[in-house]
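Notes to accompany the following structure.
The values are calculated or read from the model by the stated rules, or taken from the named source; none is laboratory data. This structure is a prediction, so every number in the text was calculated from the model and none was measured. Ideal geometry is used to build each Cβ from the backbone, glycine not excepted, and the neighbour counts take in all protein chains shown.
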Amino acid sequence: MTNQGEYLEIPNVPDEEPPAYETLEDASGEFATYEQFDIDEPAQRPRMSPRELFHKAGDFAKSFNKRFFRPINNALDPVYELYRFISTKTESYISKVGNPLIIKRLLYVLFIATIIYVISMSGLYPEAAGSLYGDFYDVQKLHSYIDSHVEVNRIEENLEYLSSMPHMAGTAGDLALARYIEDIVSDSALQLDGNSKFTAYVNYPENVHAKLYQGDKLIHDCDLIEKLTGQDDNENNIELQQIAFNPGSKRGSAKGRVVYANYGTLEDYKLLREKGVNLQDSVVVIKYGGLLMESKKLYYAHEQGASGVLFFSDPKPGSAYNMRSIQKEPVALPDYYTGNMVSPGGGVLDRVPDYFDLNIMWNSNNCTPRIPSIPVSWESVKNIMIPLKGHGERVDGWTLDFGNEKVEIWTGSDEFIVDMSNEVAERMNKEVWNVAGRITGSEQNNLAIVIGAARDSPGYGAVDSTGTAVLLELISLFSNMMRAMKWKPLRSIYFVSFSGTDYNMAGSTYFAQSKSDFFNRQGYTYIDLSDAVSGSKLEIAADPILHSLIENSLSLVEDPATNKSLAEVWDKTFLSMRDNTKNYQPFISHFGMPAAEFRFKGKSYPKNSCLDTFDNFKKQNIDREMQYHKALTRLVAKIILQLTDKPIIPYDIFNMVSAINRNMKDLRSYVEFKDKNSKLDFTRFDTSLIKLKSIAREQQAFIKTWTEIVNADSGSEPNLLAVNRWDWNAKLVLLEKILQSSNGIYDRPWHKNVLFGNEFRIPETKEMSFIYDSFPGVRDAIDAGDWKEAQNQLELICELMDQCLDLFQLN
């Protein structure tokens, strides 16, 4: 641009010819002159004739031969003579035995094989396993590497970033975190799984309100905007995560008498009916927590005639919530099936056609709520309950304690009305993203375990993200170990970050269902890491077949507080896999995979609220030095090694049989409790269970024989024995998969696991002592009063146990 502000066009004129150098003028205007220097030419040597050159070369050759070759020949001649003597003698002896040519070749092969054997046993071969013992890697070396290479700074940095933004499923924050995790997987030694993007139903809050009226008079308008830490009350910049909302809740409005229903159990409703409360078209106020998941509380509320639900956090002593915080729990009902909430049935992966009517799809699916719900704060609950005092009948055992203030609960009257509206933005086919990385096994790479963590959260999800932080550290740890130790597991490992967990486990279900052929036959364990660290008390939920290997691993990791082993400080209690909102559900219920969940729990934290931030995580000193994250990473890493690098998959079939027997005794008690005159016949079951135990004895015998043979050969495994071991592993993987009903359990075709899974109507009060997460098909039929079908379900279990014997050829 010129100083006048206009651009000048560069003229299209060809360059002039450059001036001749001899015509250049100097500064005085005279033509420059150059002084020419003389160059001295070297004197030429007389050239040698060919004859003289030949004689020179001959003299050099004679001299070199005399000084080099002749001394070597003089030194080697005796050696050569000795070699000829030995060779002649050897030939004469070999000729007496057989054909010398064949025998010498055999001796040569034996010599080379001996050298290869010595090198492989020494561990010096760089591409071998590097073991000091036979064909398998020294697990102590791997344990030492794990213990010394978990980096707490890296865990903390990842956790801080993961909780730096709100990340509801399908939002920009969720996508940003998915890309962050994908970059880590791409930079590692893992193979990135390309099948990560999928579509599912999600919804987001738009306009919500909940108002209490006494007649036509407005008594209280609930504040449904949760304030962020440090946010001014008058600030109007409202973000999505601040709006009161239950992910997966029904769009719509409700208006009716307000009724407080405690935890929303059937026993609570029974008490209200006894006090004369009419629940038809009511809006019920229910606490989170207790025996039931929120989805089941909504189901029961609708069943009792309610038109809407207001949820609030349980104000237990020591709660991390405050008077104005709002807890936003998901409410999809996974009891019938997990996955896309509006797909035409469980396990359907195809995109729902856009021309489908969303309302019809919603109302035709069993996993969607039938009435709207909104979460509210303690402040709102207090302002709703106080006006009811003196109206109706007081319920003494339900008094709420908000710390500085106690609020009495009265049944109220018809003049107190709640008007609520839950308007949401719905996306029938929203793009959502899983991120998966795979380590391919070096031996049976067709068999795999899965390590998974939920990523999405209604808010910032600091504690929710602790599982993902541990997952990322495991990825880094195993990737670095593969490179540094030149190691690979015998069987494959998937590390997966799931989105869509708050929408009926859409991500984990899609991941498993998209590889259904694989997981139906070859997936053999799932480990869940969601909300992994919220305190210092170790909690473990696991399939009985995994108990022994977990107990063995606990002794290998120290408790950060006491320096004792985790085996010493743990309470020795294995919990059941009862939480229907966890990503292990589709793997257990539909694919028959044993599962486990590990976490350090203890301190209350503001789950699924805007208070669950990294700053509050640090202020509450939940894990300030990240030592419990480190301990959990080490524990899970060593369990992964047991599952994927032990030559024989370490399932404890004896413990599985023992658990089945214990659960069946409980079922007998439940049958007697329901109907003392029941004719349910357990005879065949007793016989089948005794037979099933023979598989455990066969397993122990195989392990003993295999160990003796390998130890006798200094750790080397004969090829035929390896083939037998692979076959045994393949059968072990199929064991719990055979115990699946192809048609599903009673009234729930998606849920195929006949041994483990929640009874649909969880027993309450006196029945709570029963083990309701076993034999779900039998228990559901009993609850429905269908005793004939209960017997059929029991016979089905016996038939499937007998098929296990056929698999191991023991029947």
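Summary table below
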| item | result |
| --- | --- |
| From the options Ala301, Ala306, residue that is over 28 Å from the mean Cα position of the chain (by Cα), assigned to a loop (DSSP other than H, G, I, E, B) and surrounded by 22 or more Cβ atoms within 10 Å (Cβ to Cβ) | Ala306 |
| Residues of the range 428-482 that turn out to be part of a loop (DSSP other than H, G, I, E, B), of a type in the set (Val, Ile, Thr) and within 28 Å of Arg725 (Cα to Cα), as a count | 1 |
| Matching option when the condition is at pLDDT 95 or above, crowded, with 22+ Cβ neighbours inside 10 Å and farther than 17 Å from Gly264 by Cα, among Ser377, Ser373, Ser343 | Ser377 |
| Unmet criterion (only one of (1) under 19 Å from Leu755 (Cβ atoms); (2) not in a loop (DSSP other than H, G, I, E, B)) for Asn724 | (1) |
| Single condition Ala567 does not satisfy, out of (1) closer than 21 Å to Asn153 by Cα; (2) touching a helix residue (DSSP H, G or I) at 6+ places or on another chain (Cβ under 7 Å); (3) small (Gly, Ala, Ser) | (1) |
| Residue in the range 788-797 that is buried (at least 17 other Cβ atoms within 10 Å of the Cβ) and touching a strand residue (DSSP E or B) at 6+ places or on another chain (Cβ under 6 Å) present | no |
| Single residue of the range 740-769 satisfying the filter (part of a loop (DSSP other than H, G, I, E, B), modelled with pLDDT of 95 or more and aliphatic (A, V, I, L, M)) that is surrounded by the most Cβ atoms within 10 Å (Cβ to Cβ) | Val754 |
| Checking Ala561 against (1) in contact with a strand residue (DSSP E or B) (Cβ under 7 Å, 6 or more places away or on another chain); (2) among the hydrophobic types (A, V, I, L, M, F, W, C); (3) surrounded by fewer than 24 Cβ atoms within 10 Å (Cβ to Cβ); (4) farther than 21 Å from Phe519 by Cβ, the condition it does not meet | (1) |
| Where Asp350 falls short, out of the listed (1) out of contact with any Gly (no Cβ under 9 Å at 6 or more places or on another chain); (2) closer than 25 Å to Glu423 by Cβ; (3) acidic (Asp, Glu) | (2) |
| Failed item, numbered, when Lys601 is tested on (1) surrounded by fewer than 23 Cβ atoms within 10 Å (Cβ to Cβ); (2) over 23 Å from the mean Cα position of the chain (by Cα) | (2) |
| All positions within the range 166-214 that are among the acidic types (Asp, Glu) and without any contact (Cβ under 8 Å) to a residue 60 or more places away in the chain | Asp183, Asp187 |
| Those strands (runs of 3 or more DSSP E) lying entirely in the range 194-281 with at least 1 residues among the hydroxyl-bearing types (Ser, Thr, Tyr) | 197-214, 252-260 |
| Residue among Leu556, Leu549, Leu538 that alone is more than 30 Å from Thr440 (Cβ to Cβ) and either in contact (Cβ under 8 Å) with a residue 12 or more places away in the chain or part of a strand (DSSP E or B) (or both) | Leu538 |
| Scan of the range 355-398 for residues that are part of a loop (DSSP other than H, G, I, E, B), over 25 Å from Ser609 (Cβ atoms) and of a type in the set (S, T, N, Q), ordered by number | Asn365, Asn366 |
| Options Glu698, Glu717, Glu708; residue that is without any contact (Cβ under 8 Å) to a residue 24 or more places away in the chain, surrounded by fewer than 20 Cβ atoms within 10 Å (Cβ to Cβ) and either more than 30 Å from Glu759 (Cα to Cα) or touching a Cys at 6+ places or on another chain (Cβ under 8 Å) (or both) | Glu708 |
| Positions within the range 160-178 being over 20 Å from the mean Cα position of the chain (by Cα), assigned to a helix (DSSP H, G or I) and of a type in the set (Ser, Thr, Tyr), in sequence order | none |
| 2 or more residues within 50 Å of the chain's Cα centre (by Cα) and modelled with pLDDT of 75 or more: qualifying helices (runs of 4 or more DSSP H) within the range 48-131 | 100-122 |
| Which listed residue, of Lys693, Lys737, is crowded, with 18+ Cβ neighbours inside 10 Å, assigned to a helix (DSSP H, G or I) and basic (Lys, Arg) | Lys737 |
| Only one of Ala254, Ala210 that is assigned by TED's automatic domain parsing to the domain that holds Ser325, modelled with pLDDT of 95 or more, of a type in the set (A, V, I, L, M, F, W, C) and touching a Cys at 6+ places or on another chain (Cβ under 8 Å) | Ala210 |
| Selected residue [over 32 Å from the mean Cα position of the chain (by Cα) and outside the structural domain of Asn520 (by TED's automatic domain parsing)] from Asn711, Asn724 | Asn711 |
| Within the range 541-564, tally of residues that are farther than 21 Å from Lys601 by Cβ and β-branched (Val, Ile, Thr) | 1 |
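Residues checked against (1) farther than 30 Å from Ile475 by Cα; (2) in a helix (DSSP H, G or I); (3) hydroxyl-bearing (Ser, Thr, Tyr); (4) at pLDDT 95 or above:
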{"position": "Val636", "(1), (2), (3), (4)": "no, yes, no, yes"}
{"position": "Ile649", "(1), (2), (3), (4)": "no, no, no, yes"}
{"position": "Phe673", "(1), (2), (3), (4)": "yes, yes, no, no"}
{"position": "Glu717", "(1), (2), (3), (4)": "yes, no, no, no"}
